[in-house]
Amino acid sequence: EAGVAQSPRYKIIEKRQSVAFWCNPISGHATLYWYQQILGQGPKLLIQFQNNGVVDDSQLPKDRFSAERLKGVDSTLKIQPAKLEDSAVYLCASSLDVGRVNSPLHFGNGTRLTVT
Amino acid sequence: QKEVEQNSGPLSVPEGAIASLNCTYSDRGSQSFFWYRQYSGKSPELIMFIYSNGDKEDGRFTAQLNKASQYVSLLIRDSQPSDSATYLCAVKYDMRFGAGTRLTVKP
């Protein structure tokens, strides 16, 4: 079974520029998550999709971050404009179904973003 | 505000000892609980999950859940240097993570 695919692996941009990250979940996984992990901290949930609908985006800074999941499969996360404090690893994860108690997350390799 | 709390550590144990990692959560509606291991520079990987009160064992790992006390723990028996990593507790309903506990196992 192919894992969660993310790209790019690394990205360096200047502040006020825009950036986009892409994620392809495991086939058949209905739920997709984007997390932000700052060095030394635990992953922070940014947004959760169930198929192509948003379940939770309460921690997404909506003035600069946006995310979409077209057709309930691939997803993109965008930052515009970027700030220095956005430097982090952005992790995409997927799971079979948000409603199943024993449905764990499977993570991609992440995108390491550096904002200078 | 839903919170997941972990002791950030670092926790250091000698090789062969038992490592005990703890996690508390605030949301009584939480359904299930996951322990992930994260090596430096890598993504989290699942160790085990638990959703019923009591203990669940998998090899050298034992997860313990007490919903009344809103407490979940992970015990690692016969700790090995390869167990040195950050251990993350995740709580479902919304798959929120704690800050992680960094474990070092000294040879």
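Bear in mind that the values in this text are calculations on the coordinates, not laboratory data. As the structure is a prediction and not an experimental result, all values here were calculated from the model. Counting neighbours? That spans all protein chains shown, and the Cβs are built from the backbone with ideal geometry, glycine included.
Numbers below:
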| item | result |
| --- | --- |
| Inter-residue pairs, beta-carbon under 6 Å, first more than 9 Å from chain A (Cβ to nearest Cβ) and surrounded by fewer than 20 Cβ atoms within 10 Å (Cβ to Cβ) and in the range B:25-38, second outside any strand (DSSP E or B) and among the charged types (D, E, K, R), 6+ apart | B:S26/B:K2; B:S26/B:E3; B:D27/B:K2 |
| Residue within the range B:46-53 that is surrounded by fewer than 16 Cβ atoms within 10 Å (Cβ to Cβ), touching a Pro at 6+ places or on another chain (Cβ under 6 Å) and within 14 Å of chain A (Cβ to nearest Cβ) present | yes |
| Residue match in the range B:8-21 (condition: out of contact with any Leu (no Cβ under 8 Å at 6 or more places or on another chain) and within 11 Å of another protein chain (Cβ to nearest Cβ)) | yes |
| Test: A:L96 is within 14 Å of chain B (Cβ to nearest Cβ) and either free of Cβ contacts under 8 Å to residues at least 60 places away in the same chain or crowded, with 21+ Cβ neighbours inside 10 Å (or both) | no |
| Flag for A:S66 being hydroxyl-bearing (S, T, Y) and over 22 Å from B:L46 (Cβ atoms) | yes |
| Residue that is nearest to the other protein chains (Cβ to nearest Cβ) [pool: residues in the range A:36-60 that are in contact (Cβ under 8 Å) with a residue 12 or more places away in the chain and not in a strand (DSSP E or B)] | A:P43 |
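Yes/no matrix, rows are residues, columns are (1) closer than 22 Å to B:I47 by Cβ; (2) within 11 Å of chain B (Cβ to nearest Cβ); (3) aliphatic (A, V, I, L, M); (4) in contact with a Gly (Cβ under 8 Å, 6 or more places away or on another chain):
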residue	(1), (2), (3), (4)
A:W22	no, no, no, no
A:S27	no, no, no, no
A:A30	no, no, yes, yes
A:P81	no, no, no, no
A:A88	no, no, yes, no
A:R112	no, yes, no, no
A:T116	no, no, no, no
